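Step one of this worksheet: look at the structure below.
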Ligand SMILES: C[S@@+](CC[C@H](N)C(=O)[O-])C[C@H]1O[C@@H](n2cnc3c(N)ncnc32)[C@H](O)[C@@H]1O
């Protein structure tokens, strides 16, 4: 195969039976090659306590192939918990890739909200916002650069920080952006991320969050939980009064 024929997305089977894909643009897989579904559950759904929350509101950077979304849907549906999932994505993968990665059943692919989302997914590119709702689960995907998006202040019970790695996608891990992300957490909200790099920990701490290191998903020594104080005062976006 010549360089020009390299597929933009190559679907990969991972050891837990779930799939992810390799992004030619970033030179990296969207999810863990050691178990994409295992990482989604361990780092994001359980790592943020979403699996215990009676009515989670999840904010994600970025939506990617929807592996974290489906894992969260599967958990909420099994518990009968209403869920609002709000994700940002500036480079939506083709619907066929989302479908191929998800398969037919299990891991949220059999929930009607996944079918609704696939039906509404843009054919090419993506602008504005997609919103679908089915069986108690609402999904909002904003097709925009999250760096310049208006983020809802004090909204999220959980924040999934799931950009490509800091070396490949550094702009979503900067102290400035992480501080903006912290402002979207509700009091007691939890940010989860698979990166335990020192500069990520320091950025989360500087943003006023209490950072905890936990054993990582398969293939990773550690992952992070960063918690907004329960008494944290929510401020409107742009409010800089001391
Ligand atoms: C590691 S993948 C996310 C995998 C995804 N969470 C999943 O469950 O399949 C990172 C995603 O973040 C998106 N992304 C990176 N930087 C972004 C930005 N500044 N604004 C919006 N999306 C961004 C990429 O296009 C990519 O889809």
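A compact table of results
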item: Cβ crowding within 10 Å averaged over residues, with 191-204, 27-40, 131-144, 166-179 ranked highest first; result: 27-40, 191-204, 131-144, 166-179
item: Cα gyration tensor shape of segment 112-189, rounded if a/c is under 1.5, else prolate or oblate by comparing a/b with b/c; result: oblate
item: Anisotropy class of segment 60-107 from Cα gyration tensor, a/c 1.5 cut; result: oblate
item: Rounded to 10°, Cα long-axis angle of helix 67-79 versus longest principal axis of the chain; result: 70
item: Within a Gaussian network of the chain (alpha carbon springs, distance under 10 Å), most fluctuating of 165, 148, 23; result: 148
item: Fraction of beta bridges assigned by DSSP in the chain that are antiparallel (%, nearest 5); result: 55
item: Cα gyration tensor, the chain - rounded (a/c under 1.5), prolate or oblate; result: rounded
item: Gaussian network model of the chain, Cα within-10 Å springs - most flexible of 163, 64, 106; result: 106
item: Residue of 181, 83, 151 that the Gaussian network model of the chain assigns the largest fluctuation, springs spanning Cα pairs under 10 Å; result: 151
item: Cα centroid separation, segment 42-103 to segment 107-146 (Å); result: 11
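Bear in mind these aren't lab numbers, they're just calculated from the coordinates by the rules spelled out. Not measured: the values here are computed from a predicted model. Don't worry about glycine lacking a Cβ; one is built from the backbone with ideal geometry, like all the others, and counts go over all protein chains shown.
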